[in-house]
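Colleague: Structure in structure tokens, see below.
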Amino acid sequence: MIVLRRLFFVAVGLFLALPLIVVAGVSINEKQTLAFPPQGFSLSWYGEIFLNDDWRNALFASLTLAALSAALALLVALPLAWFLWRRVAPWANIFQLLGIAPFTLPPVITALGLLTFWATSGFYGQPWTAVISHAIFFVTLPLVTLSLGFSAIDRSLVEAAATMGADDRTIFRTVVLPLILPYMVSGYAFAFVLSLNEYIVAYMTVGFTMETLPIKIFNALRYGYTPTMASVTVFFLVIAALVFGLIARFGDLPKLLGAMGEGR
Amino acid sequence: MRREPPQRFADYGPLVFPAAMLVIFFVIPFATMIAVSFFERQQGGFYEPAFVFDNYGRFLSLFFGKVLGFSLFLAMAVAAACVTIGVPFTYLLSRSSRAAQIRWLVALLSILSLSEVMIGFAWSTLLSRTAGITNLFALLGLMEAPQALTPSFGAVMTAMTYQALPYTVLILYPALVRLDPTLTEAARTLGASPFKAFFNVVVPALRNTILATLIMVFIFALGSYLLPQLLGRPQHWTLSVLITDQAIYQSNMPFAAAMAVFLVLVSLSLVGLAVYAGRQKEAA
Amino acid sequence: MSGLILSNVTKQFGTFKAVNDVSLSVPDGTFVCLLGPSGCGKTTLMRMIAGLDLPTTGSVALGGEDITQIPTHKRNLGMVFQSLALFPHLTVGENIAYALRIRGVDKADQKKRVDELLGMIHLSGFADRSVNKLSGGQRQRVAIARALAISPKLFLLDEPLSALDAKLREAMQVELRQLQQRLGITTIVVTHDQREAMTMADTVVVMNGGEIRQAAAPVDIYRRPADSFVADFIGSTNLIPFRADGRGQASIFGSAVDGFSLVGAKAGTISVRPEDVQIVTAEGSSVTGTVTFIRDLGGTVETFIEAGGQQIVAVSSPRTRPNVSIGQTVGLRFDPETSVVLAQ
């Protein structure tokens, strides 16, 4: 039984890892060939991400977009989650629903909606429209983590602060905010990583005026192969693993993913 | 702290910014898209306000029917594959040590966040003639010479399963972690082998969760827009691909919008179904 | 040898020994309670008997057969879990019939047995109810019936009554004991409630720190505790240090007391139950103390006395209530007959 179980884990692990192993392999090819096992060894394709102007600009655009849109998503989610926790206002749940909808529906729908909107309003192609678009698209992530975070706060803490003379604003600053901070960080991190990798919304809103890394890879893919695609993929995978690893290290990942109660 | 209804107008303050953002940048774009779906297309990729059903009328063609049918079939197949692998996997994962769970969760999240472009690229490499898995088969003597496995239906299906599997596991995870471990232990003391206990107790006890997951993954797979393009032939294109194609390359926004509205309706009714299935779970 | 025999069973989690070298013999048809504070290893011990955990070392034998490596589902036992673990997707009848279904018993016989068991637990006619619609006591009975469906050789219960309120719990204890005596089934119950253990068990096994401290009949556990942990854990007691001069003369708090035969001992502890502490007049008493508090509970009166820097509690009935008041100096007598000298 234990053998079967291990075998099953190995099989799933292999399925998940295989494409990535091959990509990692081709990323260290010495020449610009798509070959696996790799021929020769070179890290130059990783250098290319930073040295080649096109790739560097795309990386910079992606990082900027991810950093700003995740921040905006957090700014939208925080007051909303706080309000829903603090007040009884059943009709306000509609905004919770609106916040979760973009991520639940097929992404092409949100993308097309935003495309028609920016085109109609005449801002189509402006870089900042991508920031807003991503913030709305990914607002679900901080909203969910923050709602979880608020629900974990013992309401008697707020009452205790009030008995000691703190008003609503002070309570928020001195009690609620410190307790919710880990959830803010993870909400931001989730939105950041997903924005970094997002293609269709970015493509439909600013695809013709700027290149994020996923757009750049897709465009490159249509014109043929370059190993930089492989190195960027590995690079992004490492960033994601690093971010989620840090969340796991400093936070409670199983709990964040909805496994409440005692872990085993 | 007792939760209380807002007392004064100022109590609504925190709601203003999020509400405005969501209304302006989600509700209005959505409405714009619905409006555009009734517009008339002009020459050269522009469109004019109108109120015609022509764009919806095009759904009645055989071509569209085929695409729709294939999209639904593909999404269904992917959802079924993911749930078949995901349920036993997540069950075993939820019974593993905390450290093992965390390692898997980090890996799954990393793959889930990986851009569809990159997943498409990775699979097209793995299935390619020059750098692909067939080289390994050839090396082991299982195959005479390496060959390309794309474009093909199998490639699309495999890559989409790859993309959706982490999502499946992460949806199933909370329910399976919360599943009382003594249920299977009780089944074992009553004489059920671990296999029997899984199929007799875990699966039926989670029936509604599994159904809801199936639907969620179905919607997720329905949204896949790049993998069918990168790894399949034109007959493997899905509704999402068609929408992207019409909007960007054919510059037929009204038709794209009409298809998107249609996709929303399909998805929303399925979400409704998933929520309903989830409710049943609590009632049971 | 028949019955259940545990030989040198140890369970180690990492560096932590949850169960440490436990040996225990349970003759057929007896009712054993594993009793101890939380974390004492009693549940782990039961899980090893059930095969849900494997011993790190040692063996488990049942009916003369070594079952250490037999997987749970082939052990033919019945177990009631603390959470009850009733299958939420099955009805009362389907839950009870589960073990029979697994074993391929035919439908008609399943139904007959289920009806029989429902009658036994006073829930006739409940077969088609959902288990989620039952009261706590009813769920409890269904879990018991489910475990007994195949008439197992061994019946295990892990804190089976902890979810019930106090009154129902006491009634269920009596019911469970009567059921066990009627069926004559070897039964092991894990509990942290000493009252429960005293009510039901033929043998109480007191555990602490992964080890068995004493295994004996309830009255012996109370009257003849093996060590200060058992004496303190079962009921309440006064643990009083003594010294001895080696020739049998003992002294408590520096004053000589007679009647204890302590030849060879130098120092130690005696356990005196509060109902055995006698309060006498201070004159002529070798051990004296000061009354610090009197708690009158109606049915009993507890007198708290400070003596030799330690608090000693004496319990008496209202009729034999000592005529003392707070601050008064009184004498204390410990009857060697009812006092227990504890092993060190």
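The values are calculated or read from the model by the stated rules, or taken from the named source; none is laboratory data. All figures in this text were calculated on a predicted structure; none of them were measured in a lab. So basically every Cβ, Gly included, is an ideal-geometry build from the backbone, and we count neighbours across all protein chains shown.
Colleague: Which condition does C:Met79 not pass, out of (1) within 25 Å of the chain's Cα centre (by Cα); (2) more than 7 Å from chain B (Cβ to nearest Cβ), if it passes all the others?
Modeller: (2)
Colleague: Just for region A:96-108: of the residues that are part of a helix (DSSP H, G or I) and crowded, with 24+ Cβ neighbours inside 10 Å, which one is farthest from the chain's Cα centre (by Cα)?
Modeller: It comes out as A:Val108.
Colleague: Among the numbered criteria (1) facing chain A (nearest Cβ under 7 Å); (2) farther than 27 Å from B:Leu230 by Cβ, which single criterion is violated by B:Ala131?
Modeller: Of everything listed in (1) facing chain A (nearest Cβ under 7 Å); (2) farther than 27 Å from B:Leu230 by Cβ, B:Ala131 misses just condition (2).
Colleague: Can you work out which of the residues in region A:24-43 that are of a type in the set (Val, Ile, Thr) and under 14 Å from B:Ser128 (Cα atoms) is modelled with the lowest pLDDT?
Modeller: A:Thr33
Colleague: A follow-up question, please. Six or more apart or on different chains, Cβ under 6 Å: which pairs go from a residue in region C:272-284 that's of a type outside the set (A, V, I, L, M, F, W, C) to one that's surrounded by 20 or more Cβ atoms within 10 Å (Cβ to Cβ)? Could you list them?
Modeller: The qualifying pairs are C:Arg273/C:Thr237; C:Pro274/C:Ala314.
Colleague: On to the next question. Restricting attention to region B:60-102, report how many residues are part of a helix (DSSP H, G or I) and either surrounded by fewer than 15 Cβ atoms within 10 Å (Cβ to Cβ) or of a type in the set (Gly, Ala, Ser) (or both).
Modeller: Here the count works out to 19.
Colleague: Let me confirm something: among B:Ala80, B:Ala99, which residue is of a type outside the set (S, T, N, Q) and within 12 Å of chain A (Cβ to nearest Cβ)?
Modeller: From the options B:Ala80, B:Ala99, the qualifying one is B:Ala99.
For (1) within 15 Å of B:Leu226 (Cβ to Cβ); (2) in a loop (DSSP other than H, G, I, E, B); (3) more than 7 Å from chain A (Cβ to nearest Cβ), each residue gets a yes or a no:
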{"site": "B:Leu112", "(1), (2), (3)": "no, no, yes"}
{"site": "B:Met118", "(1), (2), (3)": "yes, no, no"}
{"site": "B:Trp123", "(1), (2), (3)": "yes, no, no"}
{"site": "B:Leu136", "(1), (2), (3)": "no, no, yes"}
{"site": "B:Glu144", "(1), (2), (3)": "no, yes, yes"}
{"site": "B:Val156", "(1), (2), (3)": "yes, no, yes"}
{"site": "B:Ala159", "(1), (2), (3)": "yes, no, yes"}
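Colleague: It is to be established whether one or more residues within region C:17-39 are among the hydrophobic types (A, V, I, L, M, F, W, C) and either in a loop (DSSP other than H, G, I, E, B) or out of contact with any strand residue (DSSP E or B) (no Cβ under 7 Å at 6 or more places or on another chain) (or both).
Modeller: Looking for residues that are among the hydrophobic types (A, V, I, L, M, F, W, C) and either in a loop (DSSP other than H, G, I, E, B) or out of contact with any strand residue (DSSP E or B) (no Cβ under 7 Å at 6 or more places or on another chain) (or both), one finds none in region C:17-39, hence no.
Colleague: Give me the pairs, please: first residue somewhere in region B:251-272 and at the interface with chain A (Cβ under 8 Å from one of its Cβ atoms), second residue anywhere and of a type in the set (Gly, Ala, Ser), beta-carbon distance under 7 Å, and either six or more positions apart or on two chains.
Modeller: Listed by first residue and then by second, the contacts come to B:Met253/B:Ala247; B:Ala256/B:Ala247; B:Ala257/B:Ser37.
Colleague: Where residues in region C:325-340 are crowded, with 18+ Cβ neighbours inside 10 Å and β-branched (Val, Ile, Thr), which of them is farthest from C:Thr269 (Cα to Cα)?
Modeller: Among those residues, the one meeting the criterion is C:Val330.
Colleague: Output the number of the condition that A:Phe50 fails; it satisfies all remaining conditions of (1) in a helix (DSSP H, G or I); (2) in contact with a helix residue (DSSP H, G or I) (Cβ under 8 Å, 6 or more places away or on another chain); (3) facing chain B (nearest Cβ under 9 Å).
Modeller: With respect to (1) in a helix (DSSP H, G or I); (2) in contact with a helix residue (DSSP H, G or I) (Cβ under 8 Å, 6 or more places away or on another chain); (3) facing chain B (nearest Cβ under 9 Å), A:Phe50 is out only on (3).
Colleague: Please find, within region B:2-45, the residue that is farthest from the other protein chains (Cβ to nearest Cβ) out of those that are over 21 Å from A:Trp82 (Cα atoms) and of a type in the set (S, T, N, Q).
Modeller: Once the filter is applied, the top-ranked residue is B:Gln43.
Colleague: While we're here: It is to be established whether one or more residues within region A:129-148 are assigned by TED's automatic domain parsing to the domain that holds A:Gly245, more than 29 Å from A:Ala248 (Cα to Cα) and under 19 Å from the mean Cα position of the chain (by Cα).
Modeller: Residues of region A:129-148 that are assigned by TED's automatic domain parsing to the domain that holds A:Gly245, as a first pass: A:129-148.
This time we only want the ones that are more than 29 Å from A:Ala248 (Cα to Cα), so: A:129-130.
Imposing the further condition that a residue be under 19 Å from the mean Cα position of the chain (by Cα) reduces the set to A:129-130.
Yes, that holds for at least one residue.
Colleague: Let me ask you something else. Can you name the residue in region B:161-185 that is without any contact (Cβ under 8 Å) to a residue 24 or more places away in the chain and more than 8 Å from chain A (Cβ to nearest Cβ) and is also surrounded by the fewest Cβ atoms within 10 Å (Cβ to Cβ) among such residues?
Modeller: B:Asp180
Colleague: Go through C:Gln110, C:Gln173 for me and flag whichever is part of a helix (DSSP H, G or I), surrounded by 20 or more Cβ atoms within 10 Å (Cβ to Cβ) and in contact with an Asp or Glu (Cβ under 9 Å, 6 or more places away or on another chain).
Modeller: C:Gln173
Colleague: Shifting gears a bit: Any residue at all in region B:46-65 that is hydroxyl-bearing (Ser, Thr, Tyr) and facing chain A (nearest Cβ under 8 Å)? Show your work before the answer.
Modeller: Filtering region B:46-65 down to residues hydroxyl-bearing (Ser, Thr, Tyr) leaves B:47, B:56, B:61.
From the residues that got through so far, the ones that are facing chain A (nearest Cβ under 8 Å) too are none.
No, every residue in region B:46-65 fails to be hydroxyl-bearing (Ser, Thr, Tyr) and facing chain A (nearest Cβ under 8 Å).
Matching residues to (1) charged (D, E, K, R); (2) within 27 Å of the chain's Cα centre (by Cα):
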{"residue": "A:Phe9", "(1), (2)": "no, yes"}
{"residue": "A:Leu18", "(1), (2)": "no, yes"}
{"residue": "A:Pro37", "(1), (2)": "no, no"}
{"residue": "A:Asp54", "(1), (2)": "yes, yes"}
{"residue": "A:Leu65", "(1), (2)": "no, yes"}
{"residue": "A:Val76", "(1), (2)": "no, yes"}
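Colleague: Taking the residues in region C:35-60 that are hydrophobic (A, V, I, L, M, F, W, C) and touching a Ser or Thr at 6+ places or on another chain (Cβ under 7 Å) as candidates, determine which candidate is farthest from the other protein chains (Cβ to nearest Cβ).
Modeller: C:Leu35
Colleague: Taking the criterion of being among the charged types (D, E, K, R), crowded, with 23+ Cβ neighbours inside 10 Å and either part of a helix (DSSP H, G or I) or modelled with pLDDT of 90 or more (or both), would at least one residue in region C:176-190 satisfy it?
Modeller: No, that holds for no residue.
Colleague: Only one of these is more than 7 Å from chain B (Cβ to nearest Cβ) and on the phi > 0 side of the Ramachandran plot: A:Gly40, A:Gly13. Name it. Outline the logic, then answer.
Modeller: Numbers: A:Gly13 fails: on the phi > 0 side of the Ramachandran plot.
Exactly one of A:Gly40, A:Gly13 is more than 7 Å from chain B (Cβ to nearest Cβ) and on the phi > 0 side of the Ramachandran plot, namely A:Gly40.
Colleague: Check every one of the strands (runs of 3 or more DSSP E) wholly within region C:218-324 and list those with 3 or more residues that are exposed (fewer than 13 other Cβ atoms within 10 Å of the Cβ).
Modeller: Numbers: elements: C:238-244, C:250-252, C:255-257, C:267-272, C:277-280, C:287-296, C:301-307, C:310-316.
Ranges flagged: C:287-296.
Colleague: Can you pull out every residue in region B:30-59 that is loosely packed, with under 15 Cβ neighbours inside 10 Å and outside any helix (DSSP H, G or I)?
Modeller: Matches in region B:30-59: B:Glu40, B:Gln42, B:Phe46, B:Glu48, B:Pro49, B:Ala50, B:Phe51, B:Val52, B:Phe53.
Colleague: For A:Tyr199, all conditions in the list (1) surrounded by fewer than 23 Cβ atoms within 10 Å (Cβ to Cβ); (2) within 8 Å of another protein chain (Cβ to nearest Cβ) hold save one; what is the number of the exception?
Modeller: (1)
Colleague: Here are the criteria: (1) under 25 Å from B:Ile215 (Cβ atoms); (2) surrounded by 15 or more Cβ atoms within 10 Å (Cβ to Cβ). Tell me which single one B:Pro18 does not satisfy.
Modeller: (1)
Colleague: Among the residues of region A:217-238, count how many are in contact (Cβ under 8 Å) with a residue 40 or more places away in the chain, facing another protein chain (nearest Cβ under 9 Å) and under 22 Å from the mean Cα position of the chain (by Cα). Lay out the reasoning, then the answer.
Modeller: From region A:217-238, those in contact (Cβ under 8 Å) with a residue 40 or more places away in the chain are A:225-228, A:230-237; that's our starting set.
Pick out the ones that are also facing another protein chain (nearest Cβ under 9 Å) and you get A:225, A:230, A:232-233, A:236-237.
Among the residues that remain, those that are also under 22 Å from the mean Cα position of the chain (by Cα) are: A:230, A:232-233, A:236-237.
Selection size over region A:217-238: 5.
Colleague: Right, next: Need at least 2 residues that are of a type in the set (Val, Ile, Thr) per element, so show me which helices (runs of 4 or more DSSP H) inside region A:166-264 make the cut, counting only ones lying wholly within it.
Modeller: Numbers: elements: A:168-171, A:177-197, A:200-206, A:213-222, A:227-250, A:253-256.
Result: A:168-171, A:177-197, A:200-206, A:213-222, A:227-250.
Colleague: Here's a follow-up. Filter region B:186-206 down to the residues that are part of a helix (DSSP H, G or I) and in contact (Cβ under 8 Å) with a residue 24 or more places away in the chain, then identify the one that is surrounded by the fewest Cβ atoms within 10 Å (Cβ to Cβ).
Modeller: Only one residue fits best here, namely B:Val203.
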